[in-house]
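Written below as structure tokens is the structure these notes are about.
The values are calculated or read from the model by the stated rules, or taken from the named source; none is laboratory data. This structure is a prediction, so every number in the text was calculated from the model and none was measured. Quick reminder, even Gly has a Cβ in these numbers, built from the backbone with ideal geometry, and neighbours come from all protein chains shown.
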Amino acid sequence: MTNKPVAVIDIGSITARIKIFDIGAKGKPKLIEAVRKVIHIGSGSIISGRIEAPQVDSLCRCLLMFKDKCKEYKVSKVFCVATSAFRDAENADIVVEKIRNRTGFEIEVIDNSMERYYQTIAVQSIYPEFKKMTEEGTMIVDIGAGSMQATVFDKSELVFSQNILLGALRVSELLSDLENRTTQYKDVLEEFVTQDLNDYHAVEPKGISYKTLIAFSGEMGYIKKLAGFEPMSNVVMTREEFIKVYEYLLKARPTDLTLKDNVPSPVSPLLLPAALIIKNMLEYTGVDMIHMPHVSLCDGIIWDYCHRNMKLKLPVKPDSYLVSMARNTAKRYRCDKKHIEFVEKASLDIFDEMRKLSGLCDRDRLYLQLAAIMHELGKFVAARDYGEASYDIIKRIKPIGLDPDELNMIALVVRLYSKENLYHNYYYGLLTPAQKVTVSKLTAILRLADSLNASHKEKVKKLSVFIQGDDLHISCIASADMSFEEWAFDHRSGLFEEVMGIKPVLRVRREK
């Protein structure tokens with residue numbers, strides 16, 4: 001074991017927790033201690049849009065306690081993240097600065113995409129056989145305070161992921177005024193949840209035969225407890241066991257749950273909304289059991305840290321989620337499969353040959369791959385200016401594992417690759433200098449790769465890319481006349497020469 005533990009602090013809407021880990025010689029984290037405290041800073045923020053001063057005071061007291069815990073273990077590194085309560089608060093920046101001044105903690109407010117990414121990594125850490133589990137239809141339902149994420153896997157690939165503003169706390173607060181105005185409150189609650197989930201089911205991929213349902217949330221431990229299980233264990237609950245708990249929650253009042261079942265009062269109103277969401281997904285998938293892992297955001301963050309910095313192997317490489325998501329999105333928008341496969345391969349061949357000269361890194365290669373796969377999404381909705389439509393689609397997909405800046409760069413590459421002059425684009429002008437360089441280089445590569453199949457007729461049968469002198473030679477064997485592709489190549493190669501400092505040259509030989 002290393003003598004330098006690492007701490008992860010997760011500030012949620014209802015609770016804050018700290019987990020302290022030792023990192024083993026092989027990079028595997030081992031939990032030393034975990035502390036969880038109810039803070040309920042999300043109370044009212046969904047409606048008011050603000051984190052109030054008393055909530056800030058409560059959080060600071062909690063964080064100072066966590067700071068003492070870090071000193072006790074002499075931790076070497078602390079990750080401190082906040083989620084939906086801060087994302088939804090209009091005064092989040094001011095609150096973050098107040099907390100930094102009073103506690104010394106630098107809070108990173110992570111967006112929904114990264115939060116769900118870490119949660120998925122956490123689930124993987126619980127199920128080493130995760131890849132095998134997802135060979136058949138698998139749905140992961142992650143119920144947060146402000147929203148829920150449904151992620152679908154099939155054939156060991158991430159097929160689809162969608163965020164819905166249907167978190168347990170959000171539902172509870174939005175409908176709280178109804179509770180005293182109607183005797184049918186629980187019927188209204190079910191109608192509210194069902195309507196939003198029906199909207200989700202309308203866009204979810206069809207034809208998937210589900211075998212596994214994995215559900216987790218901050219309230220899940222109490223649902224496990226009501227079913228007779230250990231709250232902090234990994235549970236597989238049968239449909240019958242869950243329905244029994246659900247029916248109990250339908251009859252129980254929040255005060256009953258607090259007084260009789262020792263559920264904290266801030267949590268008790270959230271159990272029924274969470275159970276309603278799970279019940280809906282249980283009925284939709286038709287599975288007989290629900291996997292309820294004991295995982296938290298902290299676990300995903302530490303496993304991702306060890307994967308990136310200690311070379312810890314994960315059951316499934318996280319980047320593969322993004323690639324499979326992009327391919328399934330292209331399929332959904334009826335993109336020309338053969339064309340995008342060609343452009344993807346050609347783009348990566350050019351990137352790999354130019355790696356040393358370009359100054360680009362592995363992460364940039366991933367951006368290019370995703371842009372190549374999704375570069376024609378917009379043709380589904382617009383024949384002209386489809387780059388604009390593609391940009392809008394990509395920005396709305398919000399795939400798990402990309403932060404907003406990364407997603408914006410990928411979407412911009414797709415938007416700009418077909419434009420004459422990217423420098424005049426308004427959105428390009430909003431990028432930082434470093435982002436402009438990256439987007440320009442990736443756009444230049446995508447332009448070249450796309451020009452090689454400008455006719456969408458897959459004329460190129462063999463492609464080779466190599467640097468010779470001051471030129472980048474792209475040599476291909478073609479099955480048909482390439483005049484159109486050669487014209488497109490000449491018209492799209494200017495940006496590449498400008499930003500890479502090397503002239504691309506196309507050499508075509510007809511197939512014998």
Would you check which residues across the range 253-272 are in a helix (DSSP H, G or I), under 20 Å from Lys37 (Cβ atoms) and free of Cβ contacts under 8 Å to residues at least 12 places away in the same chain and list them? Thr258
Of (1) touching a strand residue (DSSP E or B) at 6+ places or on another chain (Cβ under 8 Å); (2) part of a loop (DSSP other than H, G, I, E, B), Ala454 satisfies all except one. Which? (1)
Residues that are of a type in the set (Gly, Ala, Ser) and surrounded by 12 or more Cβ atoms within 10 Å (Cβ to Cβ), drawn from the range 464-512: Ser464, Ser475, Ala478, Ser479, Ala480, Ala488, Ser493, Gly494
Filtered residues of the range 55-84 (kept if part of a loop (DSSP other than H, G, I, E, B) and within 17 Å of Asp22 (Cα to Cα)): Lys74, Val75, Ser76
From the option list Asn262, Asn198, Asn234, single residue qualifying as surrounded by fewer than 21 Cβ atoms within 10 Å (Cβ to Cβ) and within 16 Å of Tyr284 (Cα to Cα) is Asn198
Can you pull out every residue in the range 116-151 that is assigned by TED's automatic domain parsing to the domain that holds Gly221 and closer than 20 Å to Arg87 by Cα? Asp142, Ile143, Gly144, Ala145, Gly146, Ser147, Met148, Gln149, Ala150
Pairs, please: C-beta under 6 Å, at least 6 apart or cross-chain, first residue outside the structural domain of Leu348 (by TED's automatic domain parsing) and without any contact (Cβ under 8 Å) to a residue 40 or more places away in the chain and in the range 471-486, second surrounded by 14 or more Cβ atoms within 10 Å (Cβ to Cβ) and of a type in the set (Gly, Ala, Ser)? none
Can you find a residue that is within 19 Å of Ser161 (Cβ to Cβ), in contact (Cβ under 8 Å) with a residue 12 or more places away in the chain and assigned to a helix (DSSP H, G or I) anywhere in the range 353-368? yes
Pairing a residue in the range 314-330 that is without any contact (Cβ under 8 Å) to a residue 24 or more places away in the chain with any residue that is assigned to a loop (DSSP other than H, G, I, E, B) and among the small types (Gly, Ala, Ser), where Cβ atoms lie under 6 Å and the two sit 6 or more apart in sequence or on different chains, gives none
I need a count of the residues in the range 46-66 that are touching a helix residue (DSSP H, G or I) at 6+ places or on another chain (Cβ under 6 Å) and within 14 Å of Pro5 (Cβ to Cβ). 0
Pairing a residue in the range 64-79 that is outside the structural domain of Asp22 (by TED's automatic domain parsing) with any residue that is surrounded by 13 or more Cβ atoms within 10 Å (Cβ to Cβ) and part of a loop (DSSP other than H, G, I, E, B), where Cβ atoms lie under 9 Å and the two sit 6 or more apart in sequence or on different chains, gives none
Mind checking which strands (runs of 3 or more DSSP E) fall wholly inside the range 1-43 and carry at least 2 residues that are at pLDDT 90 or above and buried (at least 22 other Cβ atoms within 10 Å of the Cβ)? 6-11, 15-23
Filter the range 190-204 down to residues that are in contact with a strand residue (DSSP E or B) (Cβ under 7 Å, 6 or more places away or on another chain) and assigned to a helix (DSSP H, G or I) and give me whichever is nearest to Leu270 (Cα to Cα). Asp196
Say whether the condition of being farther than 18 Å from Asp403 by Cα and crowded, with 17+ Cβ neighbours inside 10 Å is met by at least one residue in the range 107-117. no
When every residue in the range 407-451 that is among the charged types (D, E, K, R) and part of a helix (DSSP H, G or I) is compared, the one surrounded by the fewest Cβ atoms within 10 Å (Cβ to Cβ) is Lys436
Lone qualifier among Lys338, Lys331 - being in contact with a helix residue (DSSP H, G or I) (Cβ under 9 Å, 6 or more places away or on another chain), farther than 25 Å from Lys37 by Cα and surrounded by fewer than 19 Cβ atoms within 10 Å (Cβ to Cβ): Lys331
Subset tally (residues that are in a loop (DSSP other than H, G, I, E, B) and surrounded by fewer than 21 Cβ atoms within 10 Å (Cβ to Cβ)) for the range 123-154: 5
Could you tell me which of the residues Ile400, Ile373 is in contact with a Phe, Trp or Tyr (Cβ under 7 Å, 6 or more places away or on another chain) and either closer than 23 Å to Ser324 by Cα or surrounded by fewer than 20 Cβ atoms within 10 Å (Cβ to Cβ) (or both)? Ile400
Taking the range 273-320, which residues are part of a strand (DSSP E or B) and buried (at least 20 other Cβ atoms within 10 Å of the Cβ)? Ile290, His291, Met292
Residue that is farthest from Val38 (Cα to Cα), among those in the range 207-218 that are at pLDDT 85 or above and outside any strand (DSSP E or B): Gly207
Check whether at least one residue in the range 155-169 is out of contact with any Asp or Glu (no Cβ under 7 Å at 6 or more places or on another chain), assigned to a helix (DSSP H, G or I) and among the charged types (D, E, K, R), and report yes or no. no
